[in-house]
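Structure, as structure tokens:
The values are calculated or read from the model by the stated rules, or taken from the named source; none is laboratory data. Predicted, not measured: the structure shown is a model, and the values here were computed from it. Cβ atoms come from the backbone with ideal geometry, glycine included; neighbour counts cover every protein chain shown. Side chains included, ligands, DNA and RNA excluded: accessible areas come from the protein's heavy atoms. Shrake-Rupley method; radii C 1.70, N 1.55, O 1.52, S 1.80 Å.
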Amino acid sequence: MTAPVSKPDDPALLRIEGAIATITLNRPAAFNSVNLAIAERLEQLAAYIEGDDAIKVVVIEGEGRAFSAGGDLQTIGAAAEANNVTPVVGELLKHYHAFIEILRRMPKISLSSVHGSAAGAGMGLAFVTDLCIAADDAKFTPAYAKIGVSPDGGSTVGIVGTVGSRRALQIFLAEDNFTAQQAYEWGLVVKTVPATELKAATRQLAERLAQNPAAAISGTRSLVYAAATTPVKQQLDAEEHKIIMAMNTEEFRIAVKKFTSKSK
């Protein structure tokens, strides 16, 4: 599959540097809010990344002053006024949720890099990735309950799995917004850095993640996500299967030879 060509005015851009793919949400005038065009583009980019075995790490960032303001309320509000919400929002979420599904199932590690505001589905995207790094002045806004709706865009997938049901209910129903420091304390953010250092820190973390062999990344991700709901014997069998698969790779043989030669 040929890599999608990114044009400057595309709603989402793709940049590939070695084993790291960066998706940039590119609707800065609309604070990177999610409309049908960006949802379709994100699904397309994720499908390409999933099929490229050379990519190990996926970084998601936002252009302009915000990471993402969530769903495009201009579009959604107009649909509500026209009594046309079901087909309009259904089509939008068909593509956006397909993007989230690909992001979660691909055997690569994903990292969101958050600055400014991450609200609604934008907050969900920040935390549905495997890891999140944030500028220390970033702000997370659940937003859903305030407009009388429940979460979407993978918000419950990423947040509940990290903080548990009680904290998730607090976030969605009792918090107007929360800081990057609070998100760090709750385990939602791996690291906070000054806003001026976010891009460099994101790159450094992405490069560190990319140093891991592909088998280590894919095996670890699948085991970690399955652990909470898998019976012990089944999980142990999965651990055995994954580690033996990894030990049959050339990367493992090289790494072990290097390690054992040092210990002599």
- Peptides 12-25, 30-43: what's the order by average Cβ count within 10 Å, highest mean first? 30-43, 12-25
- Note on the structure: For the chain, percent of DSSP beta bridges that are antiparallel (nearest 5) comes out at 25 percent
- Here, Ile244 and Gln204, labelled 7 Å along Cα→Cβ, have an inter-label distance in nm of 4.1 nm
- P(r) of the stretch 11-127 over all Cα-Cα pairs, binned every 10 Å from zero, in whole percent: 15, 47, 30, 7, 1
- In units of 2.2 N^0.38 Å, the Cα radius of gyration of the stretch 1-54 is 1.12
- Item | Given Lys139/Lys199; Lys108/Lys257; Lys139/Lys191; Lys108/Lys258, the pairs whose alpha carbons are separated by over 19 Å | Lys108/Lys257; Lys108/Lys258
- Query: What FRET efficiency comes out for the pair Ala228/Ala29, r = Cβ-Cβ distance, R0 = 35 Å, nearest 0.05?
  - Reply: 0.30
- Query: For the chain, what is the Kirkwood estimate of the hydrodynamic radius, computed as the reciprocal of the mean inverse distance between distinct Cα atoms, to one decimal in Å?
  - Reply: 19.4 Å
- Query: Counting only complete DSSP H runs, which helices of the chain cover 27 Å or more along their long axis at the Cα atoms and score a mean Kyte-Doolittle of -0.5 or above?
  - Reply: 85-105
- Message: On a straight-distance basis, which aspartates and glutamates could pair with Lys262 in a cross-link, Cα separation under 20 angstrom, same-chain partners fewer than 8 positions away excluded?
- Response: Glu250, Glu251
- Query: With no solvent and one point on each alpha carbon, what is the Debye value of log10 I(q)/I(0) for the stretch 145-188 at q = 0.19, 0.24 Å⁻¹?
  - Reply: -0.57, -0.91
- Task: Restricting things to alpha carbons, tell me how big the stretch 182-264 is in terms of Rg and Dmax, in Å.
- Result: 17.2, 47
- Query: In whole Å, what are the Cα extents of the stretch 107-253 along the three principal axes, biggest one first?
  - Reply: 52, 38, 22
- Query: If ligands, DNA and RNA are left out, what is the accessible area of Arg253 with a 1.4 Å probe, given in Å² to the nearest 10?
  - Reply: 110 Å²
